[in-house]
Amino acid sequence: MDEAVSVTQMLQAAKQELRLAAKATRKQAAAADRAAGATAAKAVSDLFLAELRPEPGSIVAGYWPMGDEMDPRPLLQSLASLGCSLALPALQGAEKPLLFRAWAPGEPLFPAAFGTEEPDAAQPLRTPLILLVPLLAFDAQGYRLGYGGGFYDRSLAQLRPKGDTLAVGLAFSAQQVERVPRDGNDQRLDWLVTENGVIRP
């Protein structure tokens, strides 16, 4: 077997093993948060805004939460109140980066692939200054484990040469691990915000 192929297979196997554990950990963290009154998302919003208040008109791309993902909606609502222009991701196909379409709280979303929801396809595209990123696990160096599609890594690889996009992972503190398996295709996050604080790798 070619050595490069073997290393790639080992990396993918390590990621898949961590994904299984991380999904269980995140599910437990989300359940504990709901039992405690679902305060984590508001805490994440408050901590983010204590560190950074974007100028009115700044374009911020969030995501619509699925399952046990950290809910970005309180933060998105606050950013909209500050005059930020919001966007949500839209898929344009496998092995391709995400598009980001304009969206505002209260506007309709439509079913898309992988169980996601997207803005109307007629909405204009936006280039985010700040990109909020969901994840399964993260480490103190700023690396994240996603679902394996590579959409955010490809998107950041495309966005970063064009400007100073700030990539911010939102997560429960329990999702932190010692080290996320990674290679040269994995994009590092600039910040991570959990209910317990802001991490700047």
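Worth pointing out:
- Within segment 53-69, tally of residues that are touching a residue at least 60 places away in the same chain (Cβ under 8 Å) and either more than 21 Å from Y143 (Cα to Cα) or assigned to a helix (DSSP H, G or I) (or both): 3
- Residue, modelled with the lowest pLDDT, within segment 84-105, restricted to residues that are aliphatic (A, V, I, L, M) and not in a strand (DSSP E or B): A94
- Complete set of residues in segment 23-60 that are touching a Leu at 6+ places or on another chain (Cβ under 7 Å) and either over 25 Å from P128 (Cβ atoms) or polar (S, T, N, Q) (or both): K23, S45, S58
- Hits in segment 21-51 (condition: surrounded by 12 or more Cβ atoms within 10 Å (Cβ to Cβ), out of contact with any Asp or Glu (no Cβ under 9 Å at 6 or more places or on another chain) and under 20 Å from L166 (Cα atoms)): S45, D46, F48, L49, E51
- Unmet criterion (only one of (1) under 26 Å from K42 (Cα atoms); (2) crowded, with 20+ Cβ neighbours inside 10 Å) for S173: (2)
- Evaluated against (1) loosely packed, with under 13 Cβ neighbours inside 10 Å; (2) in a helix (DSSP H, G or I); (3) at pLDDT 95 or above, A13 falls short on exactly one condition, (3).
- Filter result (surrounded by 11 or more Cβ atoms within 10 Å (Cβ to Cβ) and at positive phi) within segment 80-129: G83
- Yes/no for V177 being closer than 27 Å to S58 by Cβ and touching a strand residue (DSSP E or B) at 6+ places or on another chain (Cβ under 7 Å): no
- Residue that is farthest from the chain's Cα centre (by Cα) [pool: residues in segment 134-150 that are part of a loop (DSSP other than H, G, I, E, B) and aliphatic (A, V, I, L, M)]: A140
- Scanning segment 157-193 for residues that are of a type in the set (V, I, T) and in a loop (DSSP other than H, G, I, E, B) gives T165, V177, V180.
- Residue in segment 110-119 that is among the hydrophobic types (A, V, I, L, M, F, W, C), under 30 Å from Q28 (Cβ atoms) and not in a loop (DSSP other than H, G, I, E, B) present: yes
- Inter-residue pairs, beta-carbon under 9 Å, first within 13 Å of E69 (Cβ to Cβ) and assigned to a helix (DSSP H, G or I) and in segment 21-33, second of a type outside the set (A, V, I, L, M) and at pLDDT below 95, 6+ apart: K23/G67; R26/G67; K27/G67; A30/G67
The values are calculated or read from the model by the stated rules, or taken from the named source; none is laboratory data. No experiment lies behind these values; they were computed from the predicted model shown. Glycine also receives a Cβ, built like all others from the backbone with ideal geometry; neighbour counts cover every protein chain displayed.
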